[in-house]
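Undergrad: Could you have a look at this structure, given as structure tokens, before my questions?
The values are calculated or read from the model by the stated rules, or taken from the named source; none is laboratory data. Please read these numbers as outputs of a predicted model, since none were measured by experiment. Cβ sites come from the backbone with ideal geometry, for glycine too, and all protein chains shown count toward neighbours.
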Amino acid sequence: MNYAGIDIGSRTIEVVVVNSSGDIICSLQADTGFDPIAESLKLFDSIENSGIKYQRIMATGYGRTLFEVAYTNLDPHPLSAPKDLTLADKCSTVTEIKAHARGVAAYFPNAATILDIGGQDSKAIALNNNGKVKKFEMNDRCAAGTGKFLEIMARTLGFSIDDFGKEALLAQNDLTINSMCTVFAESEVTSLIAKGADRREIAKGLHISVMKRAAGMINRVRSDQSDSIVFTGGVAKNGCMVTLISEKLGCSVLVPDNPQMIGAFGAALISSEMG
Amino acid sequence: MSDYTQMWKDLGLNLEAHDMLLNVLGNAYKDIYLSQKDRPEGMGYFDFVMSEVHGLRIKELLDEKAQGRKIIGSYCVFVPEEIALAANATLVGLCSGADFAVEEVEKYLPRNTCALIKSSFGFKLGKVCPYLESADMVVGENTCDGKKKAYESLGSLVDNLYVMDLPQMKSDGGKALLKNEYYRFKSAVEKLTGVAITAESLKNAIKTVNAKRAAIHRLSELRSAKPAPISGLDALLANQVFFYDNPARFTESVNKICDELEKRIQDKKGVMAEKTPRILLSGCPMAVPNWKLPWIIETSGAVIVGEESCVGERGTRNLVDESGDTIETMMDSIVDRYFKVDCAIFTPNQDRLNHVAQMAEKYRADGVIHYSLQFCQPYIMESIPVEKALEGKDIPTLRVETDYGMEDAGQLKTRVQAFIEQLG
């Protein structure tokens, strides 16, 4: 039997299907766009069209409840068998925090601390020895220190999001950006550009400001300062962030193969373990 | 419901804005309160009180005024109701639980002022609080710096503002200050009503307010049962109405609910399943209609079993000793009782840390959610030691900082759900 997990984030949606041993048999990604439910259903359509069946869906991410309601009310319902399950049994929800903890535990069974930086939020999670969530911290209501912040800043500086980290690593000097607010930081960057500052150095300064915030969150949750950190979410693909965090905290930073899939993967695993 | 338009007009309310407020309040109440399952029947009384909170209750107060009683409005649990009652006055809590007339408020207060202080100004500037407009005396008190300085501005908007000073340390000097202030308040109330407090009237007042607190204590004790016999939202409402209602009628209504809850507990019936994670809420007061966080918690699969708050156990803990026979001994007993209130304006405030941990144990909470209003420095400051103290006892704790706006509801819900998952 297979189980699906979907992570509906502010920027991207991921779907992962696992078999009963917890192995990934399929994973897909799409941009969230303006209609996350339609995008999500499209992903499930393409999975079904490829002939992969699954028994249940576990939804996570900020769109989880919206998806659960929409999916449960689909008519005709795509998951018609087995008949002993009610619609409500077929789709349930879990928070991103628990989903990431579960997904990370599968990759790194000894992980004690997770940093997840996604499109619109960032969180630090401390795990117990058994992989369960012990404590977590999340950013407040604004996008400061998240993927969205880096994305907007990359655009302001004329870098592609994929090159942003690489270019920042090439900076000769560190430069300080004081504003954490996306709006204020953008004007700070604009004035630095006007002053003729090197754009790689500005890029590095922006990465440092995000790193400091992330390091603060990690330090508030983790008890053993020597533990390595597992870094997930889209921002974990940014090499400059990984390097800076590792340097700042003096520990190794582990990044799973596809850090953006961890939430959906964890959700799928939780679904498979529901019995 | 009767038509109170003329009454509101006579009080000088802005009818259009007031209608809007009642409409929002009514809808919120329907969505948050009336949608709950298995509520105790006795909550019907509180549903009625809420539906008439700006209607019948105001009419009652105006009728009392017509018979010569005075109405005193207050923003804080440090204002002793006993003294007001003993001098033939009625004490009511003033509105401060919703954003109103925000743009007007920001002409008087900086943006980064806590929502509670802003709200008290909003209700005045928007002319939508009939309690405030009915009051013969409005009591401000020097608790936090925000309130202390805000009363300087409120004085220009309210012509009957009385400011009470409060100590910041639990020292002999601090207690002497409180005693002095309570005597000064006594004289001011006597002057307002023209009624001299007697030993008899003070004793009766002490008994009346003690009975009200005792009823709430009884309700709180019952919430330690598993499964929880009443939702946290409903219990919070009782604690909120504590500040508005006629004391004797309130006491009777709460006791009636307690009778019902005792039966429920006997029958092992709960408002939610026995395994439901139990949360203790700790932190800033929640004035009507600030139900946001409790609503998020209880619609995320947990039940609130206690409020460590001024609108809750911090406000109602301890009775006044009833054994005194002279005004002096009774005034001392009143001072003794109020001086124990462990508001975060005090330093040091170890009592509060102890109380939070004791409450978590007594009400069998699986975790504590510490709630601070954004920009409320005293409680935000204390949230870190509270968290450390609780984690030292292996009690999971979540610190939340928010205001009255709904824009962070999604994020809050994720945090609260993750915390509840963590407990499960």
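Undergrad: If you check residue B:311 against the conditions, is it in contact with a helix residue (DSSP H, G or I) (Cβ under 9 Å, 6 or more places away or on another chain) and closer than 20 Å to residue B:374 by Cα?
TA: It is true that residue B:311 is in contact with a helix residue (DSSP H, G or I) (Cβ under 9 Å, 6 or more places away or on another chain) and closer than 20 Å to residue B:374 by Cα.
Undergrad: Okay, moving on. Within the stretch A:210-219, is even one residue surrounded by 16 or more Cβ atoms within 10 Å (Cβ to Cβ), within 14 Å of another protein chain (Cβ to nearest Cβ) and in contact with a Lys or Arg (Cβ under 8 Å, 6 or more places away or on another chain)?
TA: yes
Undergrad: Right, next: Please specify each residue of the stretch B:405-424 satisfying the condition of being facing chain A (nearest Cβ under 7 Å), closer than 13 Å to residue B:366 by Cα and touching a residue at least 24 places away in the same chain (Cβ under 8 Å).
TA: B:422
Undergrad: A further question follows. Sort through A:187, A:179, A:223, A:191 and tell me the only one that's surrounded by fewer than 15 Cβ atoms within 10 Å (Cβ to Cβ), assigned to a loop (DSSP other than H, G, I, E, B) and small (Gly, Ala, Ser).
TA: A:223
Undergrad: Quick one: which of B:313, B:308, B:322 is within 22 Å of residue B:42 (Cα to Cα) and either free of Cβ contacts under 8 Å to residues at least 60 places away in the same chain or of a type in the set (D, E, K, R) (or both)? I'd like the intermediate steps shown before the answer.
TA: Working: B:308 fails: within 22 Å of residue B:42 (Cα to Cα); B:322 fails: within 22 Å of residue B:42 (Cα to Cα).
Answer to the check: B:313.
Undergrad: Every residue in the stretch A:155-169 that is farther than 20 Å from residue A:236 by Cβ and not in a helix (DSSP H, G or I), please.
TA: A:158
Undergrad: Related question: Tell me, yes or no, whether the stretch A:23-33 has at least one residue that is within 14 Å of chain B (Cβ to nearest Cβ) and either over 18 Å from residue A:96 (Cα atoms) or assigned to a strand (DSSP E or B) (or both).
TA: The initial filter retains those residues of the stretch A:23-33 that are within 14 Å of chain B (Cβ to nearest Cβ), namely none.
No; the residues of the stretch A:23-33 include none that is within 14 Å of chain B (Cβ to nearest Cβ) and either over 18 Å from residue A:96 (Cα atoms) or assigned to a strand (DSSP E or B) (or both).
Undergrad: For the subset of the stretch A:64-89 comprising residues that are more than 10 Å from chain B (Cβ to nearest Cβ) and buried (at least 21 other Cβ atoms within 10 Å of the Cβ), which member is modelled with the highest pLDDT?
TA: Applying the filter and picking the extreme gives A:67.
Undergrad: Condition test on residue A:204, is it among the charged types (D, E, K, R), assigned to a helix (DSSP H, G or I), crowded, with 20+ Cβ neighbours inside 10 Å and more than 14 Å from chain B (Cβ to nearest Cβ)? Explain how you work it out, then say what you get.
TA: Values: among the charged types (D, E, K, R): yes; assigned to a helix (DSSP H, G or I): yes; crowded, with 20+ Cβ neighbours inside 10 Å: yes; more than 14 Å from chain B (Cβ to nearest Cβ): yes.
Here the answer is yes, as residue A:204 does meet what is asked.
Undergrad: Hey, another quick one. Picking from B:331, B:359, which residue would you name as being farther than 28 Å from residue B:112 by Cα, surrounded by 18 or more Cβ atoms within 10 Å (Cβ to Cβ), in contact with a Gly (Cβ under 7 Å, 6 or more places away or on another chain) and more than 13 Å from chain A (Cβ to nearest Cβ)?
TA: Working: B:331 fails: in contact with a Gly (Cβ under 7 Å, 6 or more places away or on another chain).
From the options B:331, B:359, the qualifying one is B:359.
Undergrad: Oh, and also: How many of the residues making up the stretch A:89-115 are within 9 Å of residue A:263 (Cα to Cα) and in contact (Cβ under 8 Å) with a residue 60 or more places away in the chain?
TA: 8
Undergrad: Right, something else. Considering (1) within 22 Å of the chain's Cα centre (by Cα); (2) outside any loop (DSSP other than H, G, I, E, B), say which one residue B:127 fails and leave the rest.
TA: Status for residue B:127: all satisfied but (2).
Undergrad: Every residue in the stretch B:374-399 that is under 19 Å from residue B:144 (Cβ atoms), within 11 Å of chain A (Cβ to nearest Cβ) and crowded, with 19+ Cβ neighbours inside 10 Å, please.
TA: B:399
Undergrad: What do you reckon, is residue A:241 in a helix (DSSP H, G or I) and either at negative phi or of a type outside the set (Asp, Glu) (or both)?
TA: Answer is yes for this residue.
Undergrad: Could you go through the stretch B:5-26 and let me know if any residue there is touching a helix residue (DSSP H, G or I) at 6+ places or on another chain (Cβ under 6 Å) and of a type in the set (Val, Ile, Thr).
TA: no
Undergrad: On to the next question. From B:103, B:82, B:16, grab the single residue that is surrounded by 15 or more Cβ atoms within 10 Å (Cβ to Cβ) and not in a loop (DSSP other than H, G, I, E, B). I'd like the intermediate steps shown before the answer.
TA: Details: B:103 fails: surrounded by 15 or more Cβ atoms within 10 Å (Cβ to Cβ); B:16 fails: surrounded by 15 or more Cβ atoms within 10 Å (Cβ to Cβ).
Answer to the check: B:82.
Yes or no, residue by residue, for (1) in contact (Cβ under 8 Å) with a residue 24 or more places away in the chain; (2) part of a loop (DSSP other than H, G, I, E, B):
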{"residue": "B:22", "(1), (2)": "yes, no"}
{"residue": "B:26", "(1), (2)": "yes, no"}
{"residue": "B:45", "(1), (2)": "yes, no"}
{"residue": "B:54", "(1), (2)": "yes, yes"}
{"residue": "B:62", "(1), (2)": "yes, no"}
{"residue": "B:92", "(1), (2)": "yes, no"}
{"residue": "B:112", "(1), (2)": "yes, yes"}
{"residue": "B:118", "(1), (2)": "no, no"}
